[in-house]
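The structure appears below as structure tokens.
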Ligand SMILES: [Zn+2]
Ligand SMILES: [Zn+2]
Ligand SMILES: [Zn+2]
């Protein structure tokens with residue numbers, strides 16, 4: 001194959017882009033029923049009719065005007081890659097909002113094909129969209145699809161080959177058109193998409209202005225600036241409003257042409273649940289119930305799974321191996337207290353995997369039905385107390401899913417202060433999904449009361465940190481909170497299972513080598529006596545200040561590698577009775593807060609720079625030890641060890 | 001046009017020039033500006049300028065080159081501009097008419113009290129349909145909000161009720177883009193789902209959460225137009241956008 005055709009999938013957030021990409025390429029990327037799940041660009045390939053297609057799945061956006069780094073990323077990708085085809089994923093449920101983005105994409109002059117997605121949901125609502133009219137009006141192929149069930153994929157593959165430059169366009173009036181033409185002339189030769197660029201400059205796009213400064217000569221730049229001021233001053237009032245009114249008018253007319261409704265007020269279960277989950281009176285009990293049920297499932301069900309696996313799978317195999325290995329050194333290496341099999345493989349597969357499986361199923365269901373964003377409604381006021389007014393709530397809530405991903409989504413925050421606070425809080429005492437699962441697993445061995453204490457301490461720490469940061473840091477631009485909420489839907493069992501499978505697969509792929517490797521390292525440290533030395537050196541802190549046994553040094557070393565590995569050891573210690581009630585609480589609190597994991601640290605460095613990331617990491621580590629120490633003293637005071 | 005009206009037009013023009021020099025977007029009654037400059041250059045309106053000076057509305061420096069509004073003149077100009085922009089709002093929102101035609105006549109005939117009641121009726125809008133600021137009046141400060149107004153703020157709407165958006169006071173430029181992406185714009189019908197702990201509205205099939213400040217800035221027609229949701233499908237009135245593309249010359 002000599003030529004690769006670049007296809008860029010674009011659409012509103014949460015419109016099914018990733019699903020379509022998965023369908024087309026047969027690869028798998030995590031799909032979630034909330035916004036901003038695709039934070040970086042996923043690339044995948046597929047072949048059709050002897051041509052290789054390179055598919056870019058990018059974050060969703062509402063318009064080409066960049067409000068945040070994330071939206072900028074998408075636009076830069078369009079401008080720099082100059083794709084051969086735009087695959088516009090049109091959310092049938094949000095027709096007008098999608099068309100608003102659509103008209104902007106059409107103005108780029110790139111061949112487009114439209115996937116009209118989620119038509120099953122609109123037809124349930126009694127809304128019919130005339131695809132033929134849509135296609136003929138815009139002059140591009142339109143394919144109906146139900147991405148979540150893989151319907152429409154083959155047609156889409158054929159349609160991509162027939163993508164056309166759309167014939168639809170808006171005439172923005174004499175002043176704007178003349179102005180755009182003028183700016184187009186003044187733009188540097190090699191600037192891509194001049195008409196669109198000119199339009200965005202008229203709308204005062206701050207990111208584009210930066211680009212322009214770096215590529216133009218000062219003369220060119222000031223000429224362009226002059227033209228823009230000239231155009232806007234010819235205008236009565238805000239040019240932005242005027243341009244949007246033209247677009248709204250276009251969208252209204254088009255949707256009037258293609259939409260036929262049979263209106264009836266549908267009051268579905270899903271809608272009622274969405275409503276209840278957002279209302280403070282019912283929402284908080286629902287949240288409480290969710291936590292309780294999850295706790296029960298993770299503790300009881302995972303325990304059962306572990307028990308079954310241990311007695312029917314693990315034990316027989318280990319006994320066999322134990323019989324084979326005669327050399328004491330190798331026996332210790334494989335099956336000793338820091339053995340590759342006992343600690344490494346056993347910890348990962350036997351202790352951690354069952355908990356994560358159960359937890360991921362629960363979490364993926366919550367994600368799939370779209371519960372998570374609704375939490376922001378419930379918690380916004382609470383977050384505002386810690387200086388998080390707007391955009392940062394979603395990243396924080398996402399942080400419960402995965403800290404690394406959440407840290408990347410802080411790109412949507414335009415206020416520096418808020419961004420820093422959010423990143424810090426995500427890294428600090430916020431347990432991510434595997435951690436919540438494991439915390440439940442660990443505390444389940446000691447009791448629900450212990451779990452609640454840990455939760456309370458983490459919450460208190462997080463709040464205090466937020467309030468302090470909010471006080472210390474200078475205020476900058478204020479963010480307006482404006483958040484689109486996805487429709488709650490019945491969970492798709494297949495999708496949930498598939499996602500759980502992939503999450504577990506990713507866990508094993510990433511973590512298992514680390515589990516094995518850390519076992520080897522610990523084994524070596526033990527054999528060389530270095531472990532003993534470290535324990536003796538750290539004894540004052542570990543024993544006296546934190547009130548924990550020496551074994552916790554192993555745990556802290558493991559935390560550096562992978563939290564899940566540390567959790568496995570903690571659970572083992574609890575099982576063996578080496579950690580009592582107080583000590584279990586202290587060690588779990590400590591390991592939840594202790595240094596951010598490598599992936600998260602990497603994300604933090606990427607977002608706020610090395611120096612600030614190191615300061616944050618140092619601060620987090622020290623305070624986690626101090627807080628755990630204080631917690632130890634308090635618990636001793638109340639519980640007498 | 002009598003002298004009195006003409007004098008007012010000059011004051012208004014001076015306000016626009018002031019506003020423009022402070023970085024505001026544009027002038028509206030362009031005819032006045034051009035005429036003002038013409039007139040002052042050609043010395044045609046000595047009579048009016050004298051009248052304005054004698055009534056202590058403006059000051060002219062000795063060289064006769066620069067004209068300045070006095071505090072009294074500023075107050076008068078402020079009233080005229082306020083009336084003009086409120087009139088635009090009224091004509092545009094209520095009548096759906098070409099806003100330029102009537103507004104300039106309107107501003108000269110209405111009294112302070114009448115302007116205030118129109119302001120109240122419209123829910124104390126902060127900007128005219130062009131996006132230019134409407135100078136505040138006493139009524140706005142007292143914020144006698146909903147009692148007499150047909151346009152209310154979204155945060156005053158009852159939960160579960162539908163309403164059509166009249167206009168949005170847009171606190172900043174960036175927000176225009178975001179609001180439009182979500183289809184929150186004049187003419188669109190929204191339903192208020194909840195107001196605590198966070199406002200949630202439904203707009204073109206999308207649920208959107210927003211903070212109180214934004215909810216206050218979204219102004220909607222009082223329910224009389226829409227009694228219940230079932231009538232909602234009734235097409236939102238076709239809107240013309242007459243002010244688009246108005247040229248200076
Ligand atoms: Zn006027
Ligand atoms: Zn105006
Ligand atoms: Zn008022």
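The values are calculated or read from the model by the stated rules, or taken from the named source; none is laboratory data. This one's a predicted model, so the numbers in the text were calculated from it and none came from an experiment. Neighbour counts are summed over all protein chains in view; Cβ atoms, including those assigned to glycine, are modelled from backbone coordinates with ideal geometry.
Would you confirm, using the coordinates I've provided, whether residue B:190 is within 16 Å of ligand 1 (Cβ to nearest atom), at pLDDT 85 or above, outside any loop (DSSP other than H, G, I, E, B) and buried (at least 19 other Cβ atoms within 10 Å of the Cβ)? Can you show your working first?
Details: within 16 Å of ligand 1 (Cβ to nearest atom): no; at pLDDT 85 or above: yes; outside any loop (DSSP other than H, G, I, E, B): yes; buried (at least 19 other Cβ atoms within 10 Å of the Cβ): yes.
When the stated conditions are applied, residue B:190 does not pass them.
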>> For the condition within 26 Å of residue A:101 (Cβ to Cβ), touching a strand residue (DSSP E or B) at 6+ places or on another chain (Cβ under 8 Å) and away from chain A (no Cβ under 13 Å), what is the one hit in B:178, B:164?
In response: B:164
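Given the criterion more than 14 Å from chain B (Cβ to nearest Cβ), free of Cβ contacts under 8 Å to residues at least 40 places away in the same chain and more than 25 Å from residue A:416 (Cβ to Cβ), identify the matching residue among A:350, A:334, A:366, A:356.
Every option except A:334 fails the conditions.
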> In the set A:372, A:362, A:446, which member is at pLDDT 85 or above, surrounded by fewer than 24 Cβ atoms within 10 Å (Cβ to Cβ) and under 18 Å from the mean Cα position of the chain (by Cα)?
Replying inline: A:362
>> If residue A:204 satisfies all but one of (1) within 7 Å of another protein chain (Cβ to nearest Cβ); (2) part of a helix (DSSP H, G or I); (3) modelled with pLDDT of 80 or more, what's the number of the condition it fails?
In response: (2)
> Does residue A:121 qualify as being out of contact with any strand residue (DSSP E or B) (no Cβ under 7 Å at 6 or more places or on another chain), closer than 27 Å to residue B:203 by Cα and either surrounded by fewer than 18 Cβ atoms within 10 Å (Cβ to Cβ) or away from every other protein chain (no Cβ under 14 Å) (or both)?
Replying inline: yes
> Within the stretch A:47-62, how many residues turn out to be surrounded by 22 or more Cβ atoms within 10 Å (Cβ to Cβ) and in a loop (DSSP other than H, G, I, E, B)?
Replying inline: 5
>> Can you say whether residue B:86 is farther than 17 Å from residue B:15 by Cα, at pLDDT 75 or above and within 16 Å of ligand 1 (Cβ to nearest atom), as far as the supplied structure shows?
In response: no
>> Under 8 Å between Cβ atoms, which residue pairs at least 6 apart in sequence (or on different chains) link something in the stretch B:109-120 that is more than 22 Å from residue B:9 (Cβ to Cβ) and within 14 Å of chain A (Cβ to nearest Cβ) with a partner that is at pLDDT below 85 and within 16 Å of ligand 2 (Cβ to nearest atom)?
In response: none
> Are any residues in the stretch A:207-240 in contact with a helix residue (DSSP H, G or I) (Cβ under 9 Å, 6 or more places away or on another chain), away from chain B (no Cβ under 13 Å) and assigned to a loop (DSSP other than H, G, I, E, B), and if so, which ones?
Replying inline: A:216
>> For the stretch A:146-189, give me the residue count where each residue is surrounded by fewer than 18 Cβ atoms within 10 Å (Cβ to Cβ), within 14 Å of another protein chain (Cβ to nearest Cβ) and not in a helix (DSSP H, G or I).
In response: 2
>> Considering only residues that are assigned to a helix (DSSP H, G or I) and either modelled with pLDDT under 80 or more than 8 Å from ligand 3 (Cβ to nearest atom) (or both), which ones fall in the stretch B:115-144?
In response: B:115, B:117, B:118, B:121, B:141, B:142
> Conditions: (1) crowded, with 18+ Cβ neighbours inside 10 Å; (2) at pLDDT 85 or above; (3) away from ligand 1 (no atom under 16 Å from the Cβ). Residue B:159 meets all but one. Number of the miss?
Replying inline: (1)
> Somewhere in the stretch A:466-477, is a residue crowded, with 21+ Cβ neighbours inside 10 Å, in contact (Cβ under 8 Å) with a residue 60 or more places away in the chain and away from chain B (no Cβ under 14 Å)?
Replying inline: yes
>> If I filter the stretch A:498-516 for residues that are over 21 Å from residue A:566 (Cα atoms), in a loop (DSSP other than H, G, I, E, B) and in contact with a helix residue (DSSP H, G or I) (Cβ under 9 Å, 6 or more places away or on another chain), do I get at least one hit?
In response: no
>> For the list (1) closer than 30 Å to residue B:127 by Cα; (2) under 38 Å from the mean Cα position of the chain (by Cα), I need the number of the one condition that residue A:228 fails.
In response: (2)
>> When you check residue A:196 against the structure, is it away from chain B (no Cβ under 14 Å), touching a residue at least 24 places away in the same chain (Cβ under 8 Å), assigned to a helix (DSSP H, G or I) and within 36 Å of the chain's Cα centre (by Cα), yes or no?
In response: yes
> Would a scan of the stretch A:24-42 turn up a residue that is at pLDDT 90 or above, within 25 Å of the chain's Cα centre (by Cα) and buried (at least 21 other Cβ atoms within 10 Å of the Cβ)?
Replying inline: yes
> Before we move on, is residue B:185 touching a strand residue (DSSP E or B) at 6+ places or on another chain (Cβ under 9 Å), modelled with pLDDT of 85 or more and within 24 Å of residue A:200 (Cβ to Cβ)?
Replying inline: yes
